[in-house]
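> Attaching a single structure in structure tokens format; questions to follow.
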Amino acid sequence: MTKMNAVGWFDIYVDDLDRAVGFYEAMLDTKLEPMPDPSGEMQMMTFPTEMTAYGAGGALTKAPYAGPGVGGTIVYFMVEDCATQEERATSAGGSVAQPKTSIGEFGWILVCQDTEGNMVGFHSMQ
């Protein structure tokens with residue numbers, strides 16, 4: 001496997017997207033941009049992101065499978081194929097919250113709950 005940074009993306013889950021966008025735009029003095037969701041399940045507003053630059057990009061996200069509060073922020077770990085982690089989740093003591101799902105041109109994601117109850121994501125391009 002090619003060596004890569006551990007964190008590739010983050011989602012901050014929200015109940016009221018407009019309210020959350022207002023807060024983060026004010027706090028960071030920046031403009032968030034709409035991000036299309038190929039799955040049709042989520043509404044997303046991205047932080048300014050240059051995918052080829054150092055550091056992780058991210059978005060405020062409203063989704064039916066996760067919410068705000070304790071455990072409401074998900075860190076996505078970059079992996080070769082998140083189907084591998086989907087197969088490992090249960091045997092490692094966790095569970096799958098959102099099976100491997102296409103996010104269009106951005107690849108694939110998998111969301112799991114770890115042994116402590118935290119939501120954690122995995123992202124792959126295959």
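The values are calculated or read from the model by the stated rules, or taken from the named source; none is laboratory data. Values in this document were obtained by computation on a predicted structure and should not be read as measured data. Here the Cβ is made from the backbone with ideal geometry for all residues, glycine too, and neighbour counts use every protein chain on show. These accessible areas exclude ligands, DNA and RNA; they are computed on the full protein's heavy atoms, side chains included. Shrake-Rupley method; radii C 1.70, N 1.55, O 1.52, S 1.80 Å.
> Using the heavy atoms of the protein chains and a 1.4 angstrom probe, tell me the accessible area per residue for segment 3-126 in square angstrom. Walk me through the intermediate numbers first.
Values: 7200 Å² over 124 residues.
About 58 Å² of surface per residue is accessible.
> Take the chain, connect every pair of alpha-carbon atoms lying under 10 Å apart with a spring to form a Gaussian network, then pick out the residue of 58, 94, 22 with the largest mean-square fluctuation.
Highest fluctuation among the options: 22.
> Pick out, in residue order, every one of the GluC sites (Glu not before Pro) in segment 1-98 that is DSSP loop and has at most 11 other C-beta atoms within 10 Å; say none if there are none. Intermediate values should be presented prior to the final figure.
Values: sites: 25, 41, 50, 80, 86, 87; in loops: 41, 50, 80.
Counting only loop positions with at most 11 other Cβ atoms within 10 Å, the GluC sites (Glu not before Pro) in segment 1-98 are 50.
> Full-extension gain between residue 49 and residue 25, please, as 0.36 nm times their residue separation minus the C-alpha to C-alpha distance.
Values: separation 24, 0.36 × 24 = 8.64 nm, distance 1.41 nm.
7.2 nm is the gain from fully extending residue 49 to residue 25.
> Also, I was wondering about something else. Within segment 59-126, list the chymotrypsin sites (Phe, Trp or Tyr not before Pro) lying in a DSSP loop whose Cβ has at most 15 other Cβ atoms in a 10 Å radius.
Here the chymotrypsin sites (Phe, Trp or Tyr not before Pro) that fit, given the DSSP loop and packing criteria, are 65.
> Any chance you could tell me what percent of the C-alpha pair distances in segment 15-126 go past 25 Å? Can you show the working numbers first?
On the way: 1433 of 6216 pairs.
Pairs farther apart than 25 Å: 23 percent.
> Check cross-link reach from residue 62 to the lysines: straight Cα distance under 21 Å, and skip same-chain residues fewer than eight apart.
31, 100
> Please report the relative contact order for the chain, taking Cα pairs under 8 Å with a sequence separation of at least 6, and give it as a percent rounded to a whole number.
Numbers: 251 pairs, mean separation 31.8, N = 126.
The value is 25 percent.
> Another one. Rounding to the nearest 10 and keeping the result within 0 to 90°, find how far the Cα-based axis of helix 17-28 lies from the longest principal axis of the chain.
80 degrees
> Need one number: nm distance between label points at residue 114 and residue 81, each 7 Å from Cα along Cα→Cβ, rounded to one decimal.
2.5 nm
> Restrict the search to segment 4-97; then list the trypsin sites (Lys or Arg not before Pro) that DSSP places in a loop and that have at most 11 other Cβ atoms within 10 Å of their Cβ. Walk me through the intermediate numbers first.
Working: sites: 19, 31, 62, 88; in loops: 31.
Answer by residue number: 31.
> Out of all DSSP beta bridges in the chain, what portion is antiparallel? Express it as a percent rounded to 5. Can you show the working numbers first?
Working: 24 of 32 bridges.
If we restrict to bridges inside the chain, about 75 percent are antiparallel.
> Show which aspartates and glutamates lie in cross-link reach of residue 3 when reach means a straight Cα distance below 15 angstrom and same-chain residues fewer than eight apart are skipped.
Residue 3 reaches 80, 81.
> Right, something else. Between the alpha-carbon centers of segment 1-32 and segment 88-126, tell me the distance in whole angstrom.
18 Å
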